[in-house]
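Undergrad: I'd like to ask some things about the structure below.
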Amino acid sequence: APSIQSGKSLNPANRGSDFLRRLLVYLVLIALVVLIWEGSKALFVIPDYKLPHLSQIAEAFVRPTPKGPTWQVLLYDAGYTLLEAVTGFVVGGLVGFLFAVLFVHLPIARRGLLPFVIASQTVPIIALAPMIVVGLGQLGAPPWIPKASIAAYLTFFPVTINVLRGLEAVDRDALALMKSYAATNLQIFTKLRLPNSTPYLFTGLKIAATASVIGAIIGELPVGSKNGIGVQIVVGSQYNTFNPGFLWATILTAALLGMLFYGAVALAERLIVRWK
């Protein structure tokens, strides 16, 4: 029976019909969004500066600027933000992973430092971002470093908590068996704890992927930033009355950037964590 079901799942015709069903669902969802969006404007007489028509948002993407079409400008700034987010994602992920390894092997470090790790996330990042940007800027750091630092700050916490949970959620019988074979702490870590924590790691990384994009954008909001999708959001909010579609175009670009980053991490999880 399992082999028959497996054969059905691999049938190209079944895959094609599954793709068509998903495509139909997406088309229906898009139609509902358009209906609700435009229907709300007509029903409640919402002005354009509060909620522009979808056609205005689409037109904003192709509107010419001194640097080229708007979509080209947004694509460049999105790439700049992605650089900051990926840098912070990598640094924050490594820091979070090392914290989790430290906490699982040194209980005294966990009792002493974990409360501070948790407390660090209670500080409003919107208040902390200007101090980081200005402080690192005065030290001569490149403009993208402070933004990447904010992204790392938001990234390390979910990675720390999820990896710590995965490292501790090992089968007690398997752990006792390895100890009975006189396995070293390094062998227990590499052969038992680390493989067991991998699904938890990717759960934290998927949360961190979107958080790193948000952190990079927040870091671009203070006055003085020249590149990044956050800068375009500020510009769009300043000229929202005259060009309401542009602000929503930047918001849509930021949302797509976060979804793209999340999708990349989810794809990596699907390729690596095959046993989950």
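Undergrad: Can you work out ³J(HN,Hα) from phi for every residue in segment 54-69, in order, using Karplus 6.51 cos²θ - 1.76 cosθ + 1.60 and θ = phi - 60°, giving whole Hz and x for Gly and Pro?
TA: 4, 5, 5, 5, 5, 5, 5, 5, 9, 5, x, 9, x, 9, x, x
Undergrad: With every protein chain present, what is the per residue accessible area of the chain (1.4 Å probe, Å²)?
TA: Per-residue value: 59 Å².
Undergrad: Further question on the same structure: Would you please put 205-214, 132-141 in order of how densely packed they are, using the mean number of other Cβ atoms within 10 angstrom per residue and starting with the highest? Each step should come with its number before you reach the end.
TA: Details: 205-214: 24.0, 132-141: 14.3.
So the order, starting with the most tightly packed, is 205-214, 132-141.
Undergrad: What percent do you get for the relative contact order of segment 204-276 when only Cα pairs under 8 Å and 6+ apart count?
TA: On the way: 47 pairs, mean separation 25.1, N = 73.
Relative contact order comes out at 34 percent.
Undergrad: What translational D, rounded to a whole number of µm²/s, comes out for segment 1-135 from Stokes-Einstein when the hydrodynamic radius is the Kirkwood one over Cα pairs, at 25 °C and 0.890 mPa s?
TA: 114 µm²/s
Undergrad: How large is the convex hull of the Cα atoms of segment 125-257 per residue, expressed in Å³ as a whole number?
TA: 123 Å³
Undergrad: Given segment 114-198, report the % of alpha carbon pairs whose separation exceeds 19 Å.
TA: 57 percent
Undergrad: With only Lys, Arg, Asp and Glu charged, each at its Cβ (+1 for the first two, -1 for the last two), find how big the charge dipole of the chain is about the Cα centre; round to the nearest 20 debye.
TA: Numbers: 21 positive and 11 negative charges, 148 e Å.
For the chain, the charge dipole is close to 720 debye.
Undergrad: Next question. Would you please put 19-25, 257-263, 99-105 in order of how densely packed they are, using the mean number of other Cβ atoms within 10 angstrom per residue and starting with the highest?
TA: Numbers: 19-25: 10.0, 257-263: 16.7, 99-105: 19.9.
Ranked from most to least packed, the peptides come out as 99-105, 257-263, 19-25.
Undergrad: Related question: 222 nm [θ] for the chain, helices only, -39500 (n - 2.57) per DSSP H run of 4+, per residue, to 500? Provide the component values of the computation, followed by the final result.
TA: On the way: 12 runs with 218 residues, N = 276.
Helix-only estimate at 222 nm: -27000 deg cm²/dmol.
Undergrad: Beyond 17 Å, what percent of the Cα pairs of segment 123-164 remain? It would help to have the intermediate numbers written out before the result.
TA: Numbers: 310 of 861 pairs.
Distances greater than 17 Å cover 36 percent of the Cα pairs.
Undergrad: Considering only protein heavy atoms and a probe of 1.4 Å, how much of the accessible area of the chain is carbon and sulfur, as a whole percent?
TA: 72 percent
Undergrad: Can you tell me the Rg and Dmax of segment 174-214, counting just the alpha carbons, in angstroms?
TA: 14.8, 47
Undergrad: Now, a different point. Where the Cα atoms of the chain are projected onto their three principal axes, how long is each span, largest first, in whole Å?
TA: Here the spans come out as 73, 62, 34 Å, largest first.
The values are calculated or read from the model by the stated rules, or taken from the named source; none is laboratory data. None of the values given here were measured: they were computed from a predicted structure. Methodologically, a virtual Cβ is constructed for each residue, glycine included, from the backbone with ideal geometry; neighbour enumeration extends over all protein chains shown. Ligands, DNA and RNA are excluded from the accessible area calculation, which covers all protein heavy atoms including side chains. Shrake-Rupley method; radii C 1.70, N 1.55, O 1.52, S 1.80 Å.
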